[in-house]
1. Name every residue in region 154-179 that is in contact (Cβ under 8 Å) with a residue 24 or more places away in the chain, in a helix (DSSP H, G or I) and buried (at least 18 other Cβ atoms within 10 Å of the Cβ), in order of residue number.
2. Filter region 13-26 down to residues that are over 14 Å from G76 (Cα atoms) and in contact with a helix residue (DSSP H, G or I) (Cβ under 7 Å, 6 or more places away or on another chain) and give me whichever is surrounded by the most Cβ atoms within 10 Å (Cβ to Cβ).
3. What number of residues within region 49-94 satisfy the criterion of being modelled with pLDDT under 90 and of a type in the set (V, I, T)?
4. Of all residues in region 68-87 being of a type in the set (A, V, I, L, M, F, W, C) and without any contact (Cβ under 8 Å) to a residue 40 or more places away in the chain, which is surrounded by the fewest Cβ atoms within 10 Å (Cβ to Cβ)?
5. Evaluate the following for A182: is it surrounded by fewer than 19 Cβ atoms within 10 Å (Cβ to Cβ), over 13 Å from the mean Cα position of the chain (by Cα) and of a type in the set (A, V, I, L, M)?
6. Is it the case that some residue within region 113-136 is of a type in the set (F, W, Y) and either modelled with pLDDT of 85 or more or within 19 Å of the chain's Cα centre (by Cα) (or both)?
7. If you check H185 against the conditions, is it out of contact with any Lys or Arg (no Cβ under 7 Å at 6 or more places or on another chain), closer than 26 Å to T48 by Cβ and either modelled with pLDDT of 85 or more or among the polar types (S, T, N, Q) (or both)?
8. Could you pull out every one of the helices (runs of 4 or more DSSP H) wholly within region 1-75 that has 2 or more residues that are farther than 17 Å from N87 by Cβ and more than 17 Å from the chain's Cα centre (by Cα)?
Amino acid sequence: MNDTSQPERERDSWLISRCQAGEVQAFGVLVEKYKQRAYYTALGLVGTHEDALDISQEAFVRAYRSVAKFQPHKSGFFTWYYKILRNLCSNFLRDRAKHARPFSEIDKSKKFLSEIIDENYDPTVIAERNELKDAVWRAISSLNAPEREIIMLRDFQEMSYKEIAETLDCPIGTVMSRLFNARKHLRKKLNGYL
């Protein structure tokens with residue numbers, strides 16, 4: 001799921017220009033389009049449903065207040081919005097560092113990971129898959145914040161290297177190196193399962 005295709009990016013730019021001209025409804029269209037992606041991104045960064053919901057909504061409020069500064073020719077809307085969301089998540093995590101819950105507490109009823117269970121499968125297969133999903137979440141939770149973020153952006157948000165580089169404001173080579181190291185650490189943590 002890249003930031004947006006070219007026609008979608010052009011539509012987003014048009015909506016932003018309408019919003020910059022004072023049409024609040026145009027921003028509402030962007031919120032509807034990106035709210036689920038924003039929520040799951042925040043969920044991946046902060047780990048709890050309520051906090052992810054609050055932070056993603058606050059990020060939209062801040063984006064709306066700053067919409068006059070947005071320059072569509074420099075980045076896509078979600079890439080720009082993500083920087084706001086990321087800062088809010090970082091501040092939130094810093095403020096609750098002593099009381100942080102593990103990433104594995106994410107509401108498992110959400111289809112954040114691809115749902116791979118079919119009711120017709122053997123209960124043993126279902127149990128093994130659930131155990132693997134839990135192990136993956138525990139392993140992701142145990143990564144440091146930059147590693148967790150790069151995994152979320154590339155493997156869950158399916159951003160391109162270029163989009164990640166724009167989002168994190170670093171060279172593509174750095175993105176590739178960080179992703180390689182994060183995946184290596186994740187692989188080590190999942191050694192008994194893979």
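1. R154, E163, E166, T167, V175, R178, L179
2. Let us first name the residues in region 13-26 that are over 14 Å from G76 (Cα atoms), namely 18-26.
With the extra rule that they be in contact with a helix residue (DSSP H, G or I) (Cβ under 7 Å, 6 or more places away or on another chain), the set shrinks to 18-20, 26.
Details: R18: 16, C19: 21, Q20: 15, A26: 18.
Per the stated criteria, the residue is C19.
3. Number of matching residues: 1.
4. Within region 68-87, the first condition is being of a type in the set (A, V, I, L, M, F, W, C), and the residues that meet it are 68, 70, 77-78, 80, 84-85.
Okay, now just the ones that are also without any contact (Cβ under 8 Å) to a residue 40 or more places away in the chain, so 80, 84.
Details: W80: 23, I84: 19.
So, considering only residues that are of a type in the set (A, V, I, L, M, F, W, C) and without any contact (Cβ under 8 Å) to a residue 40 or more places away in the chain, the one surrounded by the fewest Cβ atoms within 10 Å (Cβ to Cβ) is I84.
5. Values: surrounded by fewer than 19 Cβ atoms within 10 Å (Cβ to Cβ): no; over 13 Å from the mean Cα position of the chain (by Cα): yes; of a type in the set (A, V, I, L, M): yes.
So A182 fails the test.
6. No: zero hits.
7. On the way: out of contact with any Lys or Arg (no Cβ under 7 Å at 6 or more places or on another chain): yes; closer than 26 Å to T48 by Cβ: yes; either modelled with pLDDT of 85 or more or among the polar types (S, T, N, Q) (or both): yes.
In short, yes.
8. 6-20, 24-46
The values are calculated or read from the model by the stated rules, or taken from the named source; none is laboratory data. Since the model is a prediction, treat every value here as computed from it, not as a measurement. When we count neighbours, we look across all protein chains shown, and the Cβ atoms used for this are built from the backbone with ideal geometry, even at glycine.
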